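The values are calculated or read from the model by the stated rules, or taken from the named source; none is laboratory data. If you're wondering where the values come from, they're calculated on a predicted model, not measured in any experiment. Positions of Cβ are generated from backbone atoms using ideal geometry, with glycine treated the same way; all protein chains shown enter the neighbour counts. For the accessible areas, the whole protein counts, side chains as well, though only heavy atoms, and no ligand, DNA or RNA atoms are used. Shrake-Rupley method; radii C 1.70, N 1.55, O 1.52, S 1.80 Å.
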Amino acid sequence: MEQRHLGRSGLRVSRIGLGTLTWGRDTDEHAAAELLKTFWEAGGTLVDTADVYGDGEAEYLLGRLMEGLVPRRDLVISTKAGSVPDPERPVDASRGHLLCALDASLARLGTDHVDVWHLHAWDPDTPLEETLHALDLAVSSGRARYAGVAGLSGWQLAKAATWQLAAPGARNRLVSTQMEYSLLQRGVEREVLPAALDLGVGLLPSSPLGRGVLTGKYRKDEAPADSRGASEHMARFVAPYLDDTAGHIVDAVATAADGLAVTPLQVALAWVRDRPGVVAPVVGARNARQLSAALSVETLSLPDEIRRALDDVSAPVHRYPDHDWSTL
């Protein structure tokens, strides 16, 4: 699998990442082992997790598999901290919480370092410099090799990345940001992606298949029994992308797939993988068969005319101030 630099850093990662959101909850150890082995054998390196996935079980499971299945040195491990299961304060990015969370993640993963450590969300109750100092401490202590963020808006990303660049040598630049990005969700193109491109931050898209909708399996207005849309705790996650607007985009993807003799999944994933600023879409497959289907996109590059057609049919409506006011 082709490798790409993560942001403006020397770290290289596979251009498709493996997500572990359901590990330890919907995905048991046997299924996770098959997923990781399939990914590794295909040349994949970037494995993304978080301390809250499965209440820590995802990290624990990944650690067990690195111990006996896939060598730690062959993987680029990304994890996140800052989200907490507290309705009163869902994000805690204080230095004390973040560093304790990192130590706990390392213990579950069974490793002395993670390759990329992400702040999971913006914390309005903690000074930004305190949060970023925790990231710097993690890197300077060797517990994390690089630092990034997730879920930050454009101004938040720009503020955080610029703060880090303001003191070169003393602070570590942010190398990545994780945000949802797909043909069904192009909101990052308004502010986040321009900021990331300007500041040398690589984008790791989550839900690159539109929460599964872009595979075309929901086109008959019903959720397959084994799909996330039919799952008790995931149906609400999928529902926003089952409207008429999404349906038109999915139809266009299916038409493109028919013309190329490939699958809608391959078309949708190739589109987001090759967008400017994107480093590696993170795919969360339920089983090895689904993952193999996603990894088969490695040999596919969309023709320019198909890419432009998909750009047009999925174009988000951005008016003022994105366009000249006199044209509105």
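Scanning the stretch 1-27 for residues that are among the charged types (D, E, K, R), in a loop (DSSP other than H, G, I, E, B) and farther than 22 Å from S207 by Cβ returns a single hit, R8. Taking each residue of the stretch 284-307 that is farther than 22 Å from T22 by Cα and looking for partners that are among the aliphatic types (A, V, I, L, M) with beta-carbon atoms closer than 6 Å, six or more apart or interchain, yields V297/L269; V297/A270; E298/M1; L300/A270; L302/A270; I306/A256. Taken together, the residues in the stretch 286-306 that are open to solvent by 70 Å² or more (accessible area, probe 1.4 Å), over 26 Å from A31 (Cβ atoms) and not polar (S, T, N, Q) amount to 2. Out of the residues in the stretch 15-35 meeting the condition of being touching a Leu at 6+ places or on another chain (Cβ under 8 Å) and small (G, A, S), tell me which one is surrounded by the most Cβ atoms within 10 Å (Cβ to Cβ). Ranking the qualifying residues of the stretch 15-35, first place goes to G17.
Regarding the stretch 157-177, can at least one residue be identified that is in contact with a strand residue (DSSP E or B) (Cβ under 8 Å, 6 or more places away or on another chain), among the polar types (S, T, N, Q) and closer than 19 Å to G277 by Cα? Yes, the stretch 157-177 contains at least one residue that is in contact with a strand residue (DSSP E or B) (Cβ under 8 Å, 6 or more places away or on another chain), among the polar types (S, T, N, Q) and closer than 19 Å to G277 by Cα. Within the stretch 112-132, the set of residues being touching a helix residue (DSSP H, G or I) at 6+ places or on another chain (Cβ under 6 Å) and surrounded by fewer than 20 Cβ atoms within 10 Å (Cβ to Cβ) comprises just one member, E130.
A count restricted to the stretch 175-189 and to residues that are within 11 Å of the chain's Cα centre (by Cα) and open to solvent by 30 Å² or more (accessible area, probe 1.4 Å) stands at 2.
The residues on offer are A239, A280, A196, and the sole one that is modelled with pLDDT of 95 or more and in a helix (DSSP H, G or I) is A196. When you scan the stretch 101-152, how many residues do you find that are farther than 16 Å from G7 by Cβ and assigned to a loop (DSSP other than H, G, I, E, B)? The qualifying residues number 16.
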